[in-house]
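Below you'll find the structure, written out as structure tokens, and then a few comments.
The values are calculated or read from the model by the stated rules, or taken from the named source; none is laboratory data. The model shown is predicted, which means the values in this text are computed figures rather than measured ones. Glycine also receives a Cβ, built like all others from the backbone with ideal geometry; neighbour counts cover every protein chain displayed. The accessibility values were calculated without ligands, DNA or RNA, using every heavy atom of the protein model including side chains. Shrake-Rupley method; radii C 1.70, N 1.55, O 1.52, S 1.80 Å.
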Amino acid sequence: MKWEKITQFEGPEQSPGFLLWQVSTQWRRQVEAALAALGLTHPQFVLLASLGWLTRNQADVTQVELARYCKTDINMTSQVLRSLEQKGHIEKTTASRKRAVKIPHSH
């Protein structure tokens, strides 16, 4: 297969997609290393930070609302929240028959 049939660019170094992939990979490695020192994964941090933002006015947020806000899969969101709850970073509540999550006041 000829390279010309795969892409319009002369090589990967001219492809914005390839360059973006390289930068995002390097950035993710640095983020993961920094978060490892805190005992958090990148998904845990994103959900926890987003939850902090969404609950800044003391309102509980449902798992579905958090997943929609973060554009994450609801099942993955639920698993990550379970691990955050086990670590004591969040509390799950039952509000109006919906699963809600919040950051405990002690954090």
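Observations, loosely collected:
- Added length on full extension, which subtracts the Cα-Cα distance from 0.36 nm per residue, residue 73 to residue 42: 9.7 nm
- Taking label positions 7 Å along the Cα-Cβ direction at both residue 64 and residue 23, the computed distance is 3.7 nm, reported to one decimal.
- Each label point was placed 7 Å from the Cα along the Cα-to-Cβ direction; for residue 10 and residue 86 their separation is 5.3 nm.
- Accessible carbon and sulfur surface of the stretch 1-68 relative to its total accessible area, %, 1.4 Å: 60
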